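Undergrad: Starting off with a structure, shown below.
Quick note: the coordinates plus some simple rules give every number you see, no bench work behind them. This structure is a prediction, so every number in the text was calculated from the model and none was measured. Glycine also receives a Cβ, built like all others from the backbone with ideal geometry; neighbour counts cover every protein chain displayed.
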Amino acid sequence: MTKVILNMSTSLDGIAAPESADADGMALWETIAGWVFPLRSWREQQGQEGGADSLDSQVWADNFARVGPQIVGRTMFDYGYPHWGENPPFHAPVFVVTHRGQERIDKSGGTSYTFVTDGIEAAVKQARAVAGGKDVLLAGGVSIAQQALAAGLVDEVVLHVVPALLGRGMRLFGTAQAGLRCIETIHGDGAVHLRYETR
């Protein structure tokens with residue numbers, strides 16, 4: 001059965017994203033997500049060579065082997081789209097939750113961007129419809145994650161917790177409430193990887 005997976009990196013104090021895209025925000029982002037950049041599996045996904053064959057790399061590969069369609073918010077799309085290029089790393093349909101609709105964009109490698117203007121529930125429904133037996137990935141950002149949790153749409157939460165206390169930024173969970181049961185803990189070099197089922 002297709003599951004909806006929330007998969008994000010956070011600091012030890014639960015910060016998942018900076019509040020701005022200025023130099024300080026980008027430094028914060030490097031701390032939160034920087035553990036993935038040296039990984040062979042991540043680099044292959046970006047069309048790059050080299051990288052470390054570590055436990056973290058295997059965790060990244062295993063997590064993404066199970067997912068097909070992805071859901072992102074408009075802010076993440078607007079920031080990432082210029083950098084993702086003509087052959088983006090998704091290789092699957094991407095559903096962008098937004099208030100500003102536009103025509104679908106098709107790219108090389110199986111990636112398409114569909115703009116969903118009627119909320120997170122509609123995006124999840126559309127993603128499930130094209131999942132083909134794979135799981136649906138809630139890739140970010142924080143607002144999308146919080147909306148999906150609040151609506152009870154998340155089946156699993158996968159956290160990659162980096163050893164840093166940031167004290168500022170956007171907290172992943174905020175006021176969201178969900179019962180969680182830990183079903184996997186993996187101690188990597190760059191992060192502790194935690195997997196939870198929602199209750």
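Undergrad: Please state the charge dipole magnitude for region 4-198, taken about the Cα centre, from unit charges on C-beta atoms (+1 on K and R, -1 on D and E), reported in debye and rounded to the nearest 20.
TA: 420 debye
Undergrad: Which of ALA148, ALA21, ALA139 moves most in a GNM of the chain, Cα contacts under 10 Å?
TA: ALA21
Undergrad: Return the long-range amide H neighbours of ALA17 (sequence gap of 5 or more, or a different chain), with a cut-off of under 5 Å between placed amide H atoms.
TA: Under 5 Å from the amide H of ALA17: MET170.
Undergrad: Quick check: the distance between the Cα centres of region 168-199 and region 76-148, to the nearest angstrom?
TA: What the calculation gives is 22 Å, centre to centre.
Undergrad: Which net charge results for the neighbourhood of LEU12, defined as the other residues with beta-carbon distances under 15 angstrom from its beta-carbon, given Lys and Arg at +1 and Asp and Glu at -1?
TA: Computed value for this residue: +1.
Undergrad: Which residue fluctuates most in the GNM of the chain (Cα springs below 10 Å): GLY80, GLY34, GLY14?
TA: GLY80
Undergrad: Sticking with this structure for a sec: Using only DSSP helix segments of four residues or longer, with each worth -39500 (n - 2.57), what per-residue ellipticity at 222 nm results for the chain after dividing by its residue count and rounding to 500?
TA: My calculation for the chain gives -8500 deg cm²/dmol from helical runs alone.
Undergrad: Right, here's the next one. As an exercise, identify the trypsin sites (Lys or Arg not before Pro) in region 62-109 lying in DSSP coil whose Cβ has no more than 15 other Cβ atoms within 10 Å.
TA: ARG66, ARG100, ARG104
Undergrad: Further question: Taking springs between alpha-carbon atoms closer than 10 angstrom, which of THR175, THR75, THR185 fluctuates most in the Gaussian network model of the chain?
TA: Answer for the Gaussian network model of the chain: THR175.
Undergrad: Can you give me the pair-distance distribution of the chain, C-alpha pairs, 5 Å bins, whole percents?
TA: Values per bin, smallest distances first: 1, 8, 15, 21, 22, 19, 11, 3, 0.
Undergrad: How much length, in nm to one decimal, is gained on full extension between ASP62 and TYR79, taken as 0.36 nm per residue of separation minus their Cα-Cα distance?
TA: 3.5 nm
Undergrad: In nm, what is the difference between 0.36 nm times the number of residues separating GLU44 and SER112 and their Cα-Cα distance?
TA: Net length gain for the segment: 22.5 nm.
Undergrad: Another one. For region 23-57, state which chymotrypsin sites (Phe, Trp or Tyr not before Pro) are in a DSSP loop and have at most 15 other beta carbons lying within 10 Å of their beta carbon.
TA: none
Undergrad: Expected output is a single nm value to one decimal: the length gained when fully extending between ARG181 and ALA21, i.e. 0.36 nm times separation in residues minus the C-alpha distance. What is it?
TA: Net length gain for the segment: 54.2 nm.
Undergrad: Within the set of other residues whose C-beta is less than 13 Å from the C-beta of PHE95, count the net charge using Lys and Arg as +1 and Asp and Glu as -1.
TA: So the surrounding residues net to +2.
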